[in-house]
Amino acid sequence: MPLYKDAEKAIAENLLRLSLGERAPMIAIGCFTTIQFTELNLQRGAVGLHLLDDNEILFIGKHLHDSRSRDGYTREDMIAQIVSAMLPTSVTFTSEIVTFAQNPNPRNDGYGNMVNDRAVFEMTKKKPKAELYSVMPKGDQNKPPK
């Protein structure tokens, strides 16, 4: 899931707007690799879900920002989580209730944890594209100070 060239800057701008209580626009931030896209559609078909027609990934960030801010994470932390979860080496998973990609390689989160960042996607509202709905640093036993 390579991010587009200026995606980190655009993601940071959306997260800043959201932190100021403003609305953030929907932006295109990257795309699934051919392998990830094929795997996602095979997995989605196997559980009876509609297939994605387009491998581009969209982002607004409201749920992600609200959830990770509540956990004490900074915008910089959130961007690091997104970048890690959106690597071409991330592995996809789909069930009837969730679709995500997770970095199989642990990352030091700076809070004493080795985490596997997980990108959770919403696949119906922005059909035929996927929206990066949230990220989760799996294994974050030590949360940042609030």
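The values are calculated or read from the model by the stated rules, or taken from the named source; none is laboratory data. In this text the structure is predicted, and so the values were computed from the model without any measurement. Reconstructed Cβ throughout: ideal geometry from the backbone, glycine too, with neighbour counts over all protein chains shown. Areas reflect the complete protein model, heavy atoms only, side chains present, ligands, DNA and RNA absent. Shrake-Rupley method; radii C 1.70, N 1.55, O 1.52, S 1.80 Å.
The selection criterion, being touching a residue at least 12 places away in the same chain (Cβ under 8 Å), surrounded by 21 or more Cβ atoms within 10 Å (Cβ to Cβ), in contact with a Cys (Cβ under 9 Å, 6 or more places away or on another chain) and hydrophobic (A, V, I, L, M, F, W, C), holds for ILE57.
Within the stretch 59-79, is even one residue in contact with a His (Cβ under 9 Å, 6 or more places away or on another chain) and outside any helix (DSSP H, G or I)? No; the residues of the stretch 59-79 include none that is in contact with a His (Cβ under 9 Å, 6 or more places away or on another chain) and outside any helix (DSSP H, G or I).
Which of the residues spanning the stretch 28-53 are closer than 23 Å to THR89 by Cα, surrounded by 15 or more Cβ atoms within 10 Å (Cβ to Cβ) and of a type outside the set (Phe, Trp, Tyr)? Once the filter is applied, which keeps residues that are closer than 23 Å to THR89 by Cα, surrounded by 15 or more Cβ atoms within 10 Å (Cβ to Cβ) and of a type outside the set (Phe, Trp, Tyr), the stretch 28-53 yields ILE29, GLY30, CYS31, THR33, GLN36, GLU39, LEU40, ASN41, GLN43, ARG44, LEU52. Of the numbered criteria (1) closer than 17 Å to GLU39 by Cα; (2) of a type in the set (Ser, Thr, Tyr); (3) over 12 Å from the mean Cα position of the chain (by Cα), the one THR99 fails is (3).
If only residues of the stretch 95-120 that are polar (S, T, N, Q) and not in a loop (DSSP other than H, G, I, E, B) are counted, the one that is nearest to HIS63 (Cα to Cα) is THR99.
A search for C-beta distances below 9 Å between a residue of the stretch 92-107 that is over 24 Å from ASN142 (Cβ atoms) and any residue that is surrounded by fewer than 21 Cβ atoms within 10 Å (Cβ to Cβ) and small (Gly, Ala, Ser), counting only pairs 6+ apart in sequence or on different chains, returns THR94/ALA46; GLU96/GLY48. Within the stretch 84-109, can you find the residues that are among the β-branched types (Val, Ile, Thr) and surrounded by fewer than 19 Cβ atoms within 10 Å (Cβ to Cβ)? Listed by number, the residues that qualify are THR89, VAL91, ILE97, VAL98. Entry remark, the stretch 11-45: residues being touching a residue at least 40 places away in the same chain (Cβ under 8 Å) and in a helix (DSSP H, G or I) number 12 in total. The residues in the stretch 121-145 that are under 27 Å from MET26 (Cβ atoms), open to solvent by less than 20 Å² (accessible area, probe 1.4 Å) and either in a loop (DSSP other than H, G, I, E, B) or among the aliphatic types (A, V, I, L, M) (or both) can be counted, and the count is 4. Does the stretch 75-82 contain any residue that is open to solvent by less than 40 Å² (accessible area, probe 1.4 Å) and under 17 Å from ARG23 (Cα atoms)? Checked the stretch 75-82: no residue is open to solvent by less than 40 Å² (accessible area, probe 1.4 Å) and under 17 Å from ARG23 (Cα atoms).
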